[in-house]
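The block underneath contains the structure these notes are about, expressed in structure tokens.
Please treat every number below as a calculation from the coordinates, not as lab data. The shown structure was predicted, so the numbers you read here are calculated from the model rather than taken from an experiment. Reconstructed Cβ throughout: ideal geometry from the backbone, glycine too, with neighbour counts over all protein chains shown.
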């Protein structure tokens, strides 16, 4: 149900499908960003910026599965596994402040939680146990993130009428793997990886493409990262609530009224194609 609420195709250029650090990159207004671009200009000023993790492909379930395996391993060893899992999530949120989106953060949080709980219960942590928990946590980054249902059909239906951009945040090597694994790169005129999403990043993408703010959209699962930065600079936004980690729920309300809330990714074409026939805010004024 739809509820109203408060860098040309990279697949055709395989030389660009390299680790991002080896591909053309740029600094986006003070935020380190890595982008691929092939002379992108938006179609009639209309740009749709898609998020990656837990919008186009499913990621949080990979972390959940790794925690499940580690928890069973600890439980079999007689360790307070449930307590460890709660502490791991706390540690992971705390470590965002110092480690950001580094791929080392998640396994570090797992190991720190192990030590925290062991101290609380005056238990010994063996090197083999510590290594096993770190390995289970690292396994997330080697796993292939499955696509959201209808992801490719969604992009293919929008590509003839809009310029599409992928804007995803996280560890450079992890995001590059997920992007290339997805097989969706061919639909995007721009692919950018950043450490954090904010208004400056969205402004830079609009300026680079010549897109108009009130004709362009951001689509994602996080109010804090995908919706509110776009709304604050005058873009439109679609929020697809998803199973995401606590860090992406740090903002609980939309910055402005008029956000479109969807249950599934495959509902976005209906909304976006309908927007082609509606006057923009400037045209309505």
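Above 12 Å lies some portion of the pair distances; for the stretch 51-91, what is it as a whole percent of all C-alpha pairs? Please list the in-between numbers first.
Numbers: 513 of 820 pairs.
More than 12 Å apart: 63 percent of the Cα pairs in the stretch 51-91.
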Distance between modelled label sites at residue 124 and residue 99, nm, 7 Å Cα→Cβ extension: 2.6 nm
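Can you give me the Rg/Rh ratio for the stretch 60-142, using Cα atoms for both radii and the Kirkwood formula for Rh? All intermediate terms of the calculation are to be shown ahead of the outcome.
Numbers: Rg = 11.7 Å, Rh = 12.5 Å.
Dividing the radius of gyration by the Kirkwood radius yields 0.94.
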The stretch 164-226 - convex hull of alpha carbons, volume per residue in Å³: 91 Å³
